[in-house]
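*Asks:* Okay, handing you the structure first.
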Amino acid sequence: MKLIAEQIECLYQFTRKHYVEWYDLQTELVDHLANSIEAQWQENPKISFEDALQVEFKKFGVFGFMEVVEQRQLVLNKKYNSIIWKHFKAFFTIPKIIVTLGAIIATFLSLSYLSNRTDVVLIVFVIIVLSFYFSIIFFSRKNRKANKLTHKKWLFKEIILGRSSLVGMTYLPIQIFIHSEKVMDSAFGIFIISFLIVAMALIEYIILIEVPRKAEDYLKETYPEYTLENAN
């Protein structure tokens, strides 16, 4: 005995009712629930669809689908971070390493000749961080508009275009600078700050330009059904 289309749609509604808002997670849960309900029917053909669904849902515990959602978020965040790291490492291969080193040296020389380098560095850090957050907000709003058109939200797409566990890294250089102002008094300190400025700029470029530009490829790689859903 197999589920009919109306029952499959009921399962999608059921996942949405229990706070699973992403289509990819809904589909995974619907597949799991459908297989489990059909397995119950093989053992007990008289059990109703609603009763079989409740039996299976109780197996998820008092928090329902929350643990499944959290686990999937962890997996996709880890995948996203690995993508960022892959792009970042690409800048440390020839010929990009030459350009990267050139940017660090140029920043170092510029700061070395400035008498007010402390103020300049602080302004640069603030500009980088603010531009990062404003861009993340822009991508998040753009993604929400796209979701309204398709009526489907994809968790990995939200991570790529609006969420990142790397956001907190933007605070690290600022904290180092604020608590170690004397670092600017030495050539080594200026070089470290120059490296941090270029590294932050690279991370921002990767997160806001490179990865979003290839977002469709990463989504199709992650979700085989993504191409079909977005072809409609």
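*Asks:* Note the full-extension length gain between E28 and S140 as 0.36 nm times their separation in residues minus their Cα-Cα distance, in nm to one decimal. Kindly include the intermediate steps, with their values, before the conclusion.
*Replies:* On the way: separation 112, 0.36 × 112 = 40.32 nm, distance 2.40 nm.
Working it through step by step, the gained length comes to 37.9 nm.
*Asks:* At most 16 other Cβ atoms within 10 Å plus a DSSP loop assignment makes a site exposed; report the longest stretch of the chain without any exposed GluC sites (Glu not before Pro).
*Replies:* 22-224
*Asks:* Does segment 59-126 come out rounded, prolate or oblate, given a ≥ b ≥ c as the square roots of the eigenvalues of its C-alpha gyration tensor, rounded meaning a/c under 1.5 and, failing that, prolate meaning a/b above b/c?
*Replies:* oblate
*Asks:* Expressed in nm to one decimal, what extension gain is obtained for the pair K17 and F188 from 0.36 nm per residue of sequence separation less their Cα-Cα distance? Before the final figure, lay out each step's value.
*Replies:* On the way: separation 171, 0.36 × 171 = 61.56 nm, distance 5.71 nm.
Residue separation times 0.36 nm, minus the Cα-Cα distance, leaves 55.9 nm.
*Asks:* Angle between the Cα long axis of helix 117-150 and the longest principal axis of the chain, 0 to 90 degrees, nearest 10?
*Replies:* Value to nearest ten degrees: 20.
*Asks:* Would you indicate which of (1) 165; (2) 151; (3) 187 is the value of volume of the Cα convex hull per residue in Å³ derived from the coordinates of this structure?
*Replies:* The value computed from this structure is option (2).
*Asks:* Rounded to the nearest 0.05, what FRET efficiency is calculated for F92 and D217 with R0 set to 25 Å and r the Cβ-Cβ distance?
*Replies:* E between F92 and D217, to the nearest 0.05, is 0.65.
*Asks:* For W85 and A201 in one chain, what is 0.36 nm times their gap in residues minus the Cα-Cα distance, to one decimal in nm?
*Replies:* Extending this stretch completely gives an extra 40.3 nm.
*Asks:* Express the relative contact order of the chain as a whole percentage, based on alpha carbon pairs under 8 Å and six or more residues apart in sequence.
*Replies:* 25
*Asks:* Between A39 and M66, what is the label-to-label distance in nm when each label sits 7 Å out along the Cα-to-Cβ direction?
*Replies:* My value for the distance between the label points is 2.5 nm.
Just so you know, all these numbers are worked out from the coordinates, no wet-lab data involved. What you see is a predicted model, and the numbers here were worked out from it, not measured in a lab. Counting neighbours? That spans all protein chains shown, and the Cβs are built from the backbone with ideal geometry, glycine included.
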